[in-house]
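Quick notes on the structure that follows.
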Amino acid sequence: MMKRHDHHLDELFVQRCLELAALGRGAVSPNPMVGCAIVHNGKIIGEGWHKKFGEAHAEVNAIHNVENKDLLSESTVYVNLEPCSHFGKTPPCVDLLIEHKVKKVVIANLDTHPKVSGEGIKKLRTSGIEVITGILDKQGRELNKRFFTAVEKSRPYIILKWAQTADGFIAQANYESKWISNEYSRQLVHKWRSEEDGILVGTKTVFHDNPQLNVREWTGRNPVRIVIDRFLKLNNKLNVFDGRQLTIVYNLLKHEEHNQLILARVDEADFLPQLLQDLHKRGIHSVMVEGGAQTLKFFLDAGLWDEARIFSSPRTFQKGISAPVLQAKLSSTETVMNDTLFTYHPVYGEN
């Protein structure tokens with residue numbers, strides 16, 4: 001009976017860690033989102049989260065938040081990801097926990113990064129600290145799906161996003177697509193942009209829409225703009241070349257690197273895998289693909305995607321450019337004013 005009660009409390013405090021960790025969304029990549037709660041006699045005496053890439057980790061902030069450090073040796077440290085055991089931008093968090101002789105550490109997920117991968121837990125246990133793992137592990141992996149995809153698949157987490165009319169069109173015959181979704185849906189997209197490392201579009205979308213691909217209707221960082229322009233046909237006067245944020249153009253012709261513009265050459269035969277591999281090397285752990293239809297189909301046909309977010313509008317076009325055909329598992333449905341947002345995931349999750 002006592003064990004069940006302890007397990008319930010563990011879940012309660014790990015859930016708090018997940019809530020804290022989420023506060024770092026859009027600010028810590030390529031690091032994972034991590035939250036930490038320090039508990040003494042059933043009460044949280046300190047908590048913290050990783051707030052910004054390169055700055056203190058969650059465990060450091062949580063310990064700093066504890067007023068009476070003498071209580072740490074009698075406390076349980078809850079954290080949603082295995083504490084780091086290597087030197088990176090900051091010292092190992094494991095050493096700090098050992099230094100303060102904490103009683104127990106409860107963890108949601110093991111860090112599958114080769115530099116950690118169980119080493120943190122091993123070091124804690126060797127030092128006599130009790131370690132419990134796997135508490136709310138599914139929720140933890142969902143929170144850090146971008147990080148785990150990057151580590152385990154060596155590519156960014158790919159989100160496909162588009163808006164379509166009630167009769168199944170993504171744009172009119174002349175490629176005009178403004179505005180299928182309502183203003184609240186568009187604001188939500190800007191929020192999403194602030195949460196991802198990159199935003200990707202194809203040549204036709206840049207040519208016809210001249211998008212800025214930034215965050216204007218939300219507060220947050222601008223993503224890296226990623227453009228597929230195989231033969232470098234796009235005019236450098238277009239918005240994506242305004243120099244206001246980093247833009248990477250993947251093409252077949254040449255490689256050049258400027259201040260805010262990178263022309264990255266890849267091979268046609270292996271275009272998409274090479275593109276994703278290059279983004280991964282650049283520390284871009286998540287990409288939202290916003291179109292157009294051919295580019296979205298490119299990812300769908302290759303099976304290189306992890307999530308699809310589709311706005312369905314009550315508007316109709318009667319004719320135009322058809323929305324991509326998706327064979328996937330519907331995960332959720334949400335109403336955004338008069339739009340419906342459908343979220344899908346791959347059927348087998350094998351990509």
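The values are calculated or read from the model by the stated rules, or taken from the named source; none is laboratory data. Note that the structure is predicted; figures quoted are calculated from it, not measured. Neighbour counts run over all protein chains shown; Cβ positions are idealised from the backbone, glycine included.
Taking the condition of being surrounded by fewer than 20 Cβ atoms within 10 Å (Cβ to Cβ) and either under 13 Å from the mean Cα position of the chain (by Cα) or assigned to a loop (DSSP other than H, G, I, E, B) (or both), how many residues in region 16-25 meet it?
Here the count works out to 3.
Quick check: is even one residue across region 203-222 on the phi < 0 side of the Ramachandran plot, crowded, with 24+ Cβ neighbours inside 10 Å and either charged (D, E, K, R) or not in a helix (DSSP H, G or I) (or both)? Can you show your working first?
Here is the first cut: in region 203-222, the residues on the phi < 0 side of the Ramachandran plot are 203-209, 211-212, 214-219, 221-222.
Still in the running and crowded, with 24+ Cβ neighbours inside 10 Å: 205-206.
Restricting the remaining residues to those that are either charged (D, E, K, R) or not in a helix (DSSP H, G or I) (or both) gives none.
The answer is no; no qualifying residue exists.
Out of the residues in region 306-317 that are of a type in the set (A, V, I, L, M, F, W, C) and modelled with pLDDT of 95 or more, which is farthest from His208 (Cα to Cα)?
Initially, region 306-317 is screened for residues of a type in the set (A, V, I, L, M, F, W, C), giving 308, 310-311, 317.
Restricting the remaining residues to those that are modelled with pLDDT of 95 or more gives 308, 310-311.
On the way: Ala308: 23, Ile310: 21, Phe311: 21 Å.
Selected residue: Ala308.
Is there a residue being over 30 Å from Gln212 (Cβ atoms), within 24 Å of the chain's Cα centre (by Cα) and small (Gly, Ala, Ser) anywhere in region 109-117? Walk me through how you get there before you give the answer.
Within region 109-117, the first condition is being over 30 Å from Gln212 (Cβ atoms), and the residues that meet it are 109-117.
Then keep just the ones that are within 24 Å of the chain's Cα centre (by Cα); that gives 109-117.
If we keep only those that are small (Gly, Ala, Ser) too, we end up with 117.
Yes.
Out of Leu253, Leu263, which single residue is touching a Leu at 6+ places or on another chain (Cβ under 6 Å) and not assigned by TED's automatic domain parsing to the domain that holds Lys51? Break it down stepwise before answering.
Working: Leu263 fails: touching a Leu at 6+ places or on another chain (Cβ under 6 Å).
None of the other options fit; the residue is Leu253.
Given (1) in contact with an Asp or Glu (Cβ under 7 Å, 6 or more places away or on another chain); (2) surrounded by fewer than 20 Cβ atoms within 10 Å (Cβ to Cβ); (3) within 30 Å of Thr205 (Cβ to Cβ), identify the lone condition not met by Lys191.
Tallying (1) in contact with an Asp or Glu (Cβ under 7 Å, 6 or more places away or on another chain); (2) surrounded by fewer than 20 Cβ atoms within 10 Å (Cβ to Cβ); (3) within 30 Å of Thr205 (Cβ to Cβ), Lys191 fails exactly one: (1).
Just to be sure I understand the filter: pairs with C-beta atoms under 8 Å, separated by 6 or more residues or on different chains, first member in region 324-342 and under 26 Å from Gln294 (Cβ atoms), second member assigned to a loop (DSSP other than H, G, I, E, B) and among the β-branched types (Val, Ile, Thr). Which pairs pass?
So the pair list comes out as Gln327/Val347; Ala328/Val347; Lys329/Val347.
Inspect all residues belonging to region 162-179 and state whether any of them is surrounded by fewer than 21 Cβ atoms within 10 Å (Cβ to Cβ), over 22 Å from His50 (Cα atoms) and among the aliphatic types (A, V, I, L, M).
Pass one, region 162-179, residues surrounded by fewer than 21 Cβ atoms within 10 Å (Cβ to Cβ): 166-168, 172-176, 178-179.
Applying the additional criterion that residues be over 22 Å from His50 (Cα atoms) yields 166-168, 172-176, 178-179.
Filter once more, so that each one left must be among the aliphatic types (A, V, I, L, M): 166, 173.
There is at least one residue in region 162-179 that is surrounded by fewer than 21 Cβ atoms within 10 Å (Cβ to Cβ), over 22 Å from His50 (Cα atoms) and among the aliphatic types (A, V, I, L, M).
Which of the numbered conditions does Gln327 fail, given that it passes all the others? Conditions: (1) out of contact with any helix residue (DSSP H, G or I) (no Cβ under 8 Å at 6 or more places or on another chain); (2) outside any strand (DSSP E or B); (3) buried (at least 21 other Cβ atoms within 10 Å of the Cβ); (4) not charged (D, E, K, R).
(3)
Give Gly320, Gly303, Gly291 a once-over and let me know the one that is assigned by TED's automatic domain parsing to the domain that holds Thr203, at positive phi and either modelled with pLDDT of 95 or more or among the basic types (Lys, Arg) (or both).
On the way: Gly320 fails: either modelled with pLDDT of 95 or more or among the basic types (Lys, Arg) (or both); Gly291 fails: either modelled with pLDDT of 95 or more or among the basic types (Lys, Arg) (or both).
Result: Gly303 is the single residue among Gly320, Gly303, Gly291 that is assigned by TED's automatic domain parsing to the domain that holds Thr203, at positive phi and either modelled with pLDDT of 95 or more or among the basic types (Lys, Arg) (or both).
Filter region 109-150 for residues that are at pLDDT 95 or above, hydroxyl-bearing (Ser, Thr, Tyr) and part of a loop (DSSP other than H, G, I, E, B); which is nearest to Leu9 (Cα to Cα)?
Out of the qualifying residues, it is Thr133.
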